[in-house]
1. Mind ranking 104-117, 141-154, 441-454, 254-267 by how tightly packed they are, going by the mean number of other C-beta atoms within 10 angstrom, highest first?
2. Need one word for segment 215-319: rounded, prolate or oblate. Basis is the Cα gyration tensor (sqrt eigenvalues a ≥ b ≥ c); a/c below 1.5 gives rounded, then a/b vs b/c decides.
3. In terms of the Cα gyration tensor, with a ≥ b ≥ c the square roots of its eigenvalues, is segment 2-90 rounded because a/c is under 1.5, prolate because a/b exceeds b/c, or oblate?
4. For segment 297-337, evaluate the Debye formula with one uniform point scatterer on each Cα (no solvent term) and list log10 I(q)/I(0) at q = 0.35 Å⁻¹, rounded to two decimals.
5. Distance between the C-alpha centers of segment 281-338 and segment 209-243? Whole Å please.
6. In 5 Å bins starting at zero, report the fraction of Cα pairs in segment 95-211 per bin as a rounded %.
7. Any idea what Rg and Dmax come out to for the chain if you just take the C-alpha atoms, in Å?
8. With every atom except the alpha carbons ignored, what do you get for Rg and Dmax of segment 323-428, in angstroms?
Amino acid sequence: MDRVLFDDLKDILGERISFSESVRNNYAKGEDAYDPILPKAVLFPNDNDELSKILKICNKLKLPVTAYGTGTSLEGHVVGNNEGVTISLENFNKIISINEEDFDCRVQANVTREKLNETLKDKGVFFPIDPGANAALGGMAACSASGTMAVRYGTMRTAVLGLTVVMANGDIIKTGSRAKKTSAGYNLTNLFVGSEGTLGIITEVHLRLSPIPESIMSAVCQFPDLDSAVITAQEIIQYGIPIARVELLNKDQMDISIKYSKLENLEILPTLFYEFHGSENANNESIEIVKEISKNNNGSEFKWAANTEERNKIWKARHNVYYSVKAQGDNVRVYATDVCVPISNIVECIKFAENELQGTGLKAPMVGHVGDGNFHVTIVYDPNKENEYNYIRDFSNKLIDKALELEGTITGEHGIGLQKKEYLLKEHSDNIPLMKLIKKSFDPNNILNPGKIFDI
């Protein structure tokens, strides 16, 4: 089968197929804690028609297929399959159209958010969904990413207006339209958003854009303890302040970030990063209220970013959290997890996590999009010490149970992949049969990213 298969694929791709071990290793996993699993080959199609032909062949032979973008996922979404092939989407890297007057654009799947915003910067619009990593927009849609500005601008589920998807059988479909609303049939767009490459391979994304704010102001506020910081964030949201970002870094993370990102004039204390978007007058009104709330919770004086360079430095430090943690040792791995709970329960959930980690000897940096109830725990461990991983997994189990107890979800933005499959059964046990039925309808031979989200 391999010889016939690869002869057929070579007819489509020519030299854009690799059997090299080093190449296969490069496309064998994301930024997760899993060992890489090397596929039989890595394919590099140029367009939808080539991808369609590839999937027709793979579907006929029941050959597993894993789609790969920039590989920034954290839950094992793109771990390879040694019985199948990985399809790199790196050639799907074009910005197709920008309609700044209508606040929308269409891009190919491997355009990154940074590339898009660099292109948009002179057009008065920007794409606000910001997960931190310079992820590909197709992957962000596939994992339903969100990030630091979700509290103001929403998530990929609200940002994606339509998709081009290549199905398991090779059919090419388009969902949505450029209209800002529709009541035409089922919402297939949102069905594919968050499907993690298990229902079809996203090749184009139609996105909602936002106007660049007249005024952008960023500040840092530090607190004597974690409770005070989290309560402050909670009250800001409950007061209805239209803040663009309110990000939490706990004491452990600040210790790491100060050193890694060379942050100056900050202490190793729980910290909130604020950002305000709007007119200058509106921002000033919001700032005064946030200052008062922060002060009432023993927050420090605000340390303001004096210019764009300083503002970028603050947010780069936040975006580099994962890499700063990973840099804590040689040959270490990082276990990253997230949960999301109603904002009224965020204090209890974070306190629970902090208490569970005390006395373990493990450094457990925490960061959070606390404005929408979502936070992350990122733990460094030695893969050669099985007891460390077992403890971390036990902690993760307890955190998941707590989040569900507090009427939250097992993941706010990481997705399921491999790592959270058992947790999905806890949250949506009644819905799994229906999810599997949808999967079987779209992909009856189970070739698309098999084993991810749930097992068939």
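1. Top to bottom by mean Cβ count within 10 Å: 141-154, 104-117, 441-454, 254-267.
2. oblate
3. In terms of gyration-tensor shape, prolate.
4. -1.13
5. Going from one Cα centre to the other spans 10 Å.
6. For segment 95-211, the binned pair fractions read 2, 13, 24, 26, 21, 10, 4, 1, 0 percent.
7. 22.2, 71
8. 13.4, 40
All of the numbers you see were taken from the coordinates with simple rules; none came from a lab. Keep in mind the model is a prediction, meaning the values are calculated, not measured. So basically every Cβ, Gly included, is an ideal-geometry build from the backbone, and we count neighbours across all protein chains shown.
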